[in-house]
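Some notes on the structure that comes next.
The values are calculated or read from the model by the stated rules, or taken from the named source; none is laboratory data. No experiment lies behind these values; they were computed from the predicted model shown. All Cβ positions, even for glycine, are placed from backbone atoms using ideal geometry, and neighbour counts span all protein chains on display. Surface accessibility is based on the protein's heavy atoms, side chains included, excluding ligands, DNA and RNA. Shrake-Rupley method; radii C 1.70, N 1.55, O 1.52, S 1.80 Å.
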Protein chains: 2
Amino acid sequence: MKATASAAAPVLPARGRLRPLGLGDVRITGGFWAERQSVNAEASLAHIEHWLEREGWIRNFDLAAGGGDLAADRRGREFSDSEVYKYLEAVAWEIGRSGDERLESRFRAIVARVGAAQEADGYLNTKFGRAGQAARWTDLEWGHEIYCVGHLLHAAVARARTRPGADDGLLEIARRAADNICDTFGPDGIDGVCGHPGIETALVELGRVTEDDRYLAQAALFVDRRGHGRLSDVEYGREYFQDETPVREATVLRGHAVRANYLAAGAVDVAVELKDASLLDAVRTQWTNAVTRRTYVTGGQGSRHQDEAFGGDWMLPPDRAYSETCAGIGSVMLAWRLLLADGDPRYADLIERTLFNVVSTSPAADGRSFFYANTLHRRELGTLPDADRPSLRAAASLRAPWFEVSCCPTNVARTLASLTAYVATADDEGLQLHQYVPGAVRHRRADGRELCVTIETDYPRDGEIRVRVDSDDDQPWALSLRVPGWAGKGATIIVDGQTRPVAPGVVTERRTWRRGDEVVLCLPMAPRFTYPDPRIDAVRGCVAVERGPVVFALESVDVPGVGTVDELRVDTSEPPRLADGRVTVRCHQVRPHDHTWPYRTDPAEARPAAGAELDAVPLVEYHAWANRGPSTMRVWIPTTHEARHPC
Amino acid sequence: MKATASAAAPVLPARGRLRPLGLGDVRITGGFWAERQSVNAEASLAHIEHWLEREGWIRNFDLAAGGGDLAADRRGREFSDSEVYKYLEAVAWEIGRSGDERLESRFRAIVARVGAAQEADGYLNTKFGRAGQAARWTDLEWGHEIYCVGHLLHAAVARARTRPGADDGLLEIARRAADNICDTFGPDGIDGVCGHPGIETALVELGRVTEDDRYLAQAALFVDRRGHGRLSDVEYGREYFQDETPVREATVLRGHAVRANYLAAGAVDVAVELKDASLLDAVRTQWTNAVTRRTYVTGGQGSRHQDEAFGGDWMLPPDRAYSETCAGIGSVMLAWRLLLADGDPRYADLIERTLFNVVSTSPAADGRSFFYANTLHRRELGTLPDADRPSLRAAASLRAPWFEVSCCPTNVARTLASLTAYVATADDEGLQLHQYVPGAVRHRRADGRELCVTIETDYPRDGEIRVRVDSDDDQPWALSLRVPGWAGKGATIIVDGQTRPVAPGVVTERRTWRRGDEVVLCLPMAPRFTYPDPRIDAVRGCVAVERGPVVFALESVDVPGVGTVDELRVDTSEPPRLADGRVTVRCHQVRPHDHTWPYRTDPAEARPAAGAELDAVPLVEYHAWANRGPSTMRVWIPTTHEARHPC
């Protein structure tokens, strides 16, 4: 089906099972995500701009435009331009979402500084090509030149879709930069790819905005070129940048987790536009295998700190989880494109899980510090971040205000500002709700019919989702609601006062709807234990606790009488309870024996002694941990079983 | 007590509880270690020299001496000089051990090439300081200049003690290089330390050889300077090179595991020479805490690939174990120095464990390929190493012939060639046997008395160690035997035909010994299950199998009917058996259920289905794994218990 070309949404495929709805079609009016969008708008955006200026990453463009000695004075890593572009993208979406005109002048000012740095032939990068700098395109492995252009294009796309025809010049800057990429890396140009994918989605979307097929062709070329060893071998192997196996031959996501997801998302875009069924199928397989074997219970991806990469199958250590925020965002980007292409609710399930447990975990409650990596287990408080300078990426039990590699804050900001676009879709049959927020969907179809619903819910605090039709139509249409996989056999739907059970997947009610008609989806919100696949060695003998789509954690600030969370064992014979708004579990405290050698021949010496019984240990939503000072934390909690029978 | 200054041993402290015996005092005549020393001499040394030449790391010295354009043509990493020095050290010990004169000319030829590169002021490094290169001492963090000199000094010390007075010039080269270090970094020189410790032990030992106190003073200065942030901060933090906390304030080994052990060993050397009790005590505490909480069952150290570093307490993932071979060697170096200082048999216990399960694991059976990292669990075959080019450090399920960072082969070679020095010691009371090998100890005391014993044993294949006195003496003396900690309550000793139990520690028989007198130590060699401390989350619900000091592993080549070792569960209700020379365990094969999401609400869905029962699954000595082609492997095996009760 043809997309609504004018929708204010990040992804507008030419065809696919579902059609995205934009910021003009959907409103989030309260609840969990509205709160985060508000903090993002009120606090995070200014915080990010402050640090971009403070670290000189915007000033780099001024230097490039002739205001100083770029080679000597440029600051930041080779990809710092991209943070400025992601910030612009976030601001564009935020202006589109809220209409906050205070942001408009800030946006235009930065666009002007960026544009002034663009060279005559369209090339735009502050790290390469000028006097005293390395020449253009001399370091495709690590230079990130093409990658940075990708984020510039995404910013321009966001702007073009939220303020069509705006005279700020960003779209023209982007087109010239994209043309420079196509001129340089086209069929007759340099036979190379960027070490960091990202340009592929960007070129396809710019092509959709501009209706210029050249960009799609270039994106397809980049997708096909990768995987043949064009990039030089590096310490981590070519798998690091997915250059060891062609996209259409790979069977699982691997290597650097952000790169892997960005590339796969771009491959979906290309496949959809070009009706390339085998390419799309290859990505489906990669996604399924990655989600089945290489994904944390939070939705997080990336098990290795060394190269920020997926580990092998079943390698999912909680204490060394990398689970980079940006990999979570990349995973949402990929799953969303697959959802639009296929309509399979499993994609929306992963998006929900990842939004609640990775994307929303990164920013602190005040929106002014962030996790770069999202560990599932912290034994020690670690080195606390310095509020006054950039931090290491994965060092602490508290969020940091900024990083030397600061991709995550801007990525979170652009995702939260555009989150409204991930709530609902349309097709020729009607509307589909994928994520549950209090709000409204108002969709004017190409045939002139308008389909409107209002959603009332306190989800995920409560499982009742009340969908009221707000339009009259004398033709039938279909209202589809996702029933999350985690609901198991516990979901019901109420239509016309009749309650019936619904299985995970999609429940569709097709009828001639009248204003005021209601459908109520009731999801089972009792907290529950979750048991890992036995092949995930690192969490053997442990359980997690979930409630709805939200993963919980045991955090030391909630058990002040216990030295460390690692001393607790959860009693699974009693289900987790919900009391006074908090999830609690029954635990036993154990006291391990100290030996001078920690491996014992006598199992009794390896069995911890029983300590206090704790009837109601409160857990915290994983996304909310580390908001109350330094702490130890664990998502996977050993069971009391071990204390009775260690082996 | 004063050391025998002439002993051919790597460490000759001025004082301490025990006095080392050298290659002239001890012989290993057969068995496990003689075989490895033989392979080292016959295969590994030539293999190493071949690769050192092939990779150009010796030729770098020729270039430095004026034979070419060093800046353009130098090959290898910044520390490649040190591999040449470690090779020289290995050859020096091997000549001393075996008297193999064929090695003598090769040794002298390389020494001459090294010496030709030394500059007029004693500076010696092929990476820095010449035309087109970075200036000397401009990169203390990563340059490894001082570290390389350390290995040069160790080579010279080995040579001086095995061929005193040799006219090859190596000792003079070393003295001039050491003088250059003292001139440059002395009290009035550059106030810095090297990013990689190692110079400290070397300077102390050179001081012992030359009786020049200047070197000890410089070593003490380096030990005291470290830990105050003189090195700049790096991505891994200053902990990486132990520069975040002064040596005498630190309470545990941390950071890069090789650096940590080398530094601590140097601190022991300095403390012993200077009678610095508080410094020695600090290292004792660091060692105890590292061994108690940060050491694998193999004795391996280092849980993190990212920075080759110790993890935090209890962070000991088997599948991401780094357990670098060189860290194991560093651990042996440290424990040996503490053993000499204190006499505590726990140090010898760790040496034994590390020698059998780390140092001997690195080389392949043929001595021509090596493990750099020693994982305890491999789920996949991985990328197999290329026999014809250097490999990545930790990439495969097979050993590699050489590495881009090739510290381990040369380190193994020098350790095996000097291993004889770690077998026995003396003190004023008599002789102490620490490691059990078939062989002989012949010790002439300063007072002229000669104490001789012959050891007959097939240890560790058999637990009987027969020590026969081969000297007559009309004065009593004490024969001390270590009873390993792993023996538990199972060890006995037979003296005068009388058998009595002996507890782990040291058993000492003091008497007037006559030629032919015998003491027989009987160690319990039944294979046994080993249970981990419950705080080691990564191996919860698993057991290891050990026999004597040897750790065993389950390797896929031994279970051809099973897809992967990960499908096996061990039944601990039946102890491991020894049959036809192989250790076997009873296992159940399990068949996990495949789900599209690997975390289940229903525990039954997470419980694997029972498969075949395997009555006698053979295990392999961990050190011998990966000698029969690519395989999957695990040391820690989940128990059948999980299959019955997943949580």
Over the Cα atoms of segment A:428-522, what Rg and Dmax result, in angstrom? 12.9, 39
Once the label point is set 7 Å along the Cα-to-beta-carbon vector, what list of distances in nm do you get between B:Glu605 and its counterparts in the other copies? 4.2
Dimensions (Å) - segment A:60-116, Cα atoms, principal axes, largest first: 40, 20, 13
Quick one: label points 7 angstrom along Cα→Cβ at B:Thr512, distances to the other copies in nm, smallest first? 12.2
Other protein chain Cβ atoms within 10 Å, averaged over every residue that makes up A:300-311: 2
Please report the net charge: other residues with Cβ closer than 15 Å to the Cβ of B:Ala72, K and R +1, D and E -1. +2
Integer Hz, Karplus 6.51/-1.76/1.60 couplings in order for segment B:30-38, x for Gly and Pro: x, x, 3, 7, 4, 4, 5, 5, 5
List, by residue number, every residue in segment A:341-360 with a reduction of 10 Å² or greater in accessible area between the chain on its own and the complete protein assembly, 1.4 Å probe. A:Arg346, A:Arg353
Could you compute the net charge surrounding B:Asp139? Neighbours are other residues with a C-beta less than 13 Å from the C-beta of B:Asp139; K and R count +1, D and E count -1. 0
Averaged over its residues, how many other protein chain Cβ atoms are within 10 Å of peptide B:283-295's Cβ atoms? 1
Quick one: with all protein chains in place, what share of the accessible area of segment A:428-522 is carbon or sulfur, to the nearest percent (1.4 Å probe)? 43 percent
Near the amide H of A:Leu614, under 5 Å away, which other amide H atoms are found, from residues 5 or more places off or on another chain, if H is placed in the peptide plane? A:Cys587, A:His588, A:Gln589
Per-residue HN-Hα couplings for segment A:55-62, Karplus 6.51 cos²θ - 1.76 cosθ + 1.60 at θ = phi - 60°, whole Hz, x for Gly and Pro? 7, x, 6, 7, 4, 3, 5, 4
On the first, second and third principal axes, largest extent first, how far apart are the outermost C-alpha atoms of segment A:1-151 in Å? 51, 36, 25
Run lengths n ≥ 4 of DSSP H only: what is the helix-derived mean residue ellipticity at 222 nm for chain A, with -39500 (n - 2.57) per run over all residues, to the nearest 500? -9500 deg cm²/dmol
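Can you compute the charge dipole magnitude of segment A:428-522 about its Cα centre, using +1 on each Lys and Arg Cβ and -1 on each Asp and Glu Cβ, nothing else charged? Give it in debye, rounded to the nearest 20.
Details: 14 positive and 16 negative charges, 47 e Å.
My answer is approximately 220 debye.
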Calculate the all-directions average of the projected area of chain B's alpha-carbon convex hull, and give it in nm². 29.2 nm²
Mind ordering A:562-571, B:115-124 by average Cβ neighbours within 10 Å, highest first? A:562-571, B:115-124
Stokes-Einstein D (µm²/s) once Rh is taken as the Kirkwood radius of segment A:21-74 over alpha-carbon pairs, at 4 °C in 1.567 mPa s: 94 µm²/s
Calculate one ³J(HN,Hα) per residue across segment B:86-95 by plugging θ = phi - 60° into the Karplus curve 6.51 cos²θ - 1.76 cosθ + 1.60, and present them in order as whole Hz with x for glycine and proline. 5, 5, 4, 4, 4, 5, 4, 5, 5, 4
Counting only residues 5 or more apart in sequence or on a different chain, those whose built amide H sits under 5 Å from that of A:Glu324 are A:Gln301, A:Asn374
In percent, how large is the relative contact order of segment B:19-422, given Cα pairs closer than 8 Å and 6 or more residues apart? 16 percent
Highest mean first, what order results for B:352-359, B:469-476 on Cβ atoms within 10 Å? B:352-359, B:469-476
Average other protein chain Cβ within 10 Å of Cβ, residues B:626-638: 1
By average C-beta atoms within 10 angstrom, highest first, the peptides A:515-524, A:447-456: A:515-524, A:447-456
What do you get when you divide the Cα radius of gyration of the protein assembly as shown by 2.2 N^0.38 Å, with N the number of residues? 0.99
Kindly provide the Kirkwood hydrodynamic radius of segment B:70-175 in Å, to one decimal, from all pairs of distinct alpha carbon atoms. 14.3 Å
Could you give the Stokes-Einstein D for segment A:533-644 in µm² per second, using the C-alpha Kirkwood radius, 20 °C, 1.002 mPa s? 144 µm²/s
For B:Glu235, inter-copy label distances in nm, listed shortest first [label point 7 Å out on the Cα-Cβ vector]: 0.7
Would you mind counting up the charge near B:Gly24? Only other residues with Cβ under 10 Å from its Cβ, with Lys and Arg at +1 and Asp and Glu at -1. +4
Whole-number accessible area per residue in Å² for segment A:19-422, which is evaluated in the context of all protein chains at 1.4 Å: 29 Å²
